[in-house]
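Here the structure is laid out as structure tokens; the discussion comes afterwards.
Please treat every number below as a calculation from the coordinates, not as lab data. All values reported here derive from a predicted model rather than from experimental measurement. Using ideal geometry, Cβ is built from the backbone for each residue, glycine included, and neighbour counts are taken over all protein chains shown.
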Amino acid sequence: MPDWGPFGLTGKNAVVTGGAMGIGFGIARRFIEAGANVVIGDVNGNAAEEAARKLQGGPGKVVAMTADVSDVGAGPALVERCVAAFGSLDIFVNNAGIYPMVPMLEMTPELFDRVYQINLRGLAFCAKAAAARMIAQGTGGKIINIASIDSLHPSMVGLAAYDASKGGVLMFTKNFALEVAPHGILVNAIAPGGIATEGGMRSSDLTPEAQQQITAEFARQIPLGRMGVPDDIGKVAVFLASSAADYITGALIVVDGGRLLK
Ligand SMILES: NC(=O)c1ccc[n+]([C@@H]2O[C@H](COP(=O)([O-])OP(=O)(O)OC[C@H]3O[C@@H](n4cnc5c(N)ncnc54)[C@H](O)[C@@H]3O)[C@@H](O)[C@H]2O)c1
């Protein structure tokens, strides 16, 4: 196994919500490679099992669990599963999120609530459950919230509810970081730009050709000249989870290939 130095996660136990695919899977994959044991929690239980199968055999162990973060019981259940499987909880990644493209003029209260229940309320109550466990352990820990560049600047029409939820993720991260700092719990956020994931392809009714054309157009707006991939986020998550980031809390790390510079 390679020596990861201060970036290593050997002996650490982690939960990744929405870890069955996309960015969450990219994070789980790098965590396991860096030595962490990981619970993949996902509303899609079959996909979580499949992801866990793919990740078996690494330095870290992996288990799958069906969990819907819009249910406030999900956080405590995921924490319990991690402790039962691996003995403690050291890292909790709030990655699960949805991004339906619906202009506000066509938005229903039900869909608005759904976006909030998953992206913001779900994230907050998972963070609460994770911090409660870390305080009980007396070990401190790391909570990483997946925000978005839309926490800072709107990307496109149709994401008003999403952008409001992700703006909330940023301020929740900062306030909760303040609250739990005395316990040695560090709370940070990552703001991905355009990352090519399963969800991104799913969120439109376009043909694959039209989708490809839009993706190519989006990539032209990115100073580094390409869309991101889940691994771009996975590597930054390893950094924030590791001892290399032991003096960082309440921060938002933008990982967007320079998109916000334009
Ligand atoms: N892809 C991007 O360009 C991009 C950009 C900025 C931020 N993000 C954020 O990154 C995160 C992951 O996005 P992605 O593109 O990988 O999405 P994705 O749709 O490819 O994967 C999301 C995963 O989360 C799971 N999930 C959805 N709702 C859930 C729930 N209620 N409880 C538990 N799991 C649930 C899905 O089953 C899926 O496995 C989201 O929070 C998203 O807002 C993505």
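Dipole of the chain computed with +1 at Lys/Arg Cβ and -1 at Asp/Glu Cβ about the Cα centre; of HIS153, THR215, SER88, farthest Cα towards the positive end is SER88. For the chain, the number of Lys pairs with C-alpha atoms closer than 29 Å, counting only pairs eight or more positions apart or on separate chains, is 25.
Using the Kirkwood radius built from alpha carbon pairs, what does the Stokes-Einstein equation give as D for segment 150-208 at 4 °C and 1.567 mPa s, in µm² per second? In µm²/s, the coefficient rounds to 95. Taken over the alpha carbons of segment 1-147 as equal point scatterers, the Debye sum produces base-10 log I(q)/I(0) values at 0.19 Å⁻¹ of -1.06.
Full extension of the chain between ALA181 and ARG202 yields a length gain of 3.7 nm, computed as 0.36 nm times the residue separation minus the alpha carbon distance.
Taken about its Cα centre, the chain carries a charge dipole of roughly 540 debye when the Cβ of each Lys and Arg holds +1 and the Cβ of each Asp and Glu holds -1. Taking a Cβ cut-off of under 15 Å around ALA34, the surrounding Lys, Arg, Asp and Glu residues balance to a net charge of +2, with basic ones at +1 and acidic ones at -1.
Applying the Kirkwood pairwise sum to the alpha-carbon positions of segment 79-220 produces a hydrodynamic radius of 16.5 angstrom.
As a calculated quantity, the FRET efficiency between LEU260 and GLN56 at R0 = 41 Å, using C-beta atoms, amounts to about 0.65. Calculated on C-alpha atoms, the gyration radius of segment 178-262 divided by its Kirkwood radius gives an Rg/Rh of 1.10. Taking only the C-alpha atoms of the chain, the Rg (one decimal) and the largest Cα-Cα distance, Dmax (whole number), read 17.4, 53 Å.
Estimated translational diffusion coefficient (Stokes-Einstein, Kirkwood radius over Cα pairs, 25 °C, 0.890 mPa s) of segment 65-134: 189 µm² per second. Computed about its Cα centre, the charge dipole of segment 1-86 is approximately 240 debye, with only Lys, Arg, Asp and Glu carrying charge at their Cβ. Once the Cα-Cα distance is subtracted from the 0.36 nm per residue extended length, the ASP3 to ILE214 segment shows a gain of 71.9 nm.
Taking the Cα centre of segment 138-262 as reference, the dipole from Cβ charges on Lys and Arg (+1) and Asp and Glu (-1) amounts to some 220 debye. Each peptide in 186-195, 51-60 gets a packing score, the mean of other Cβ atoms within 10 Å over its residues, and the list from highest to lowest is 186-195, 51-60.
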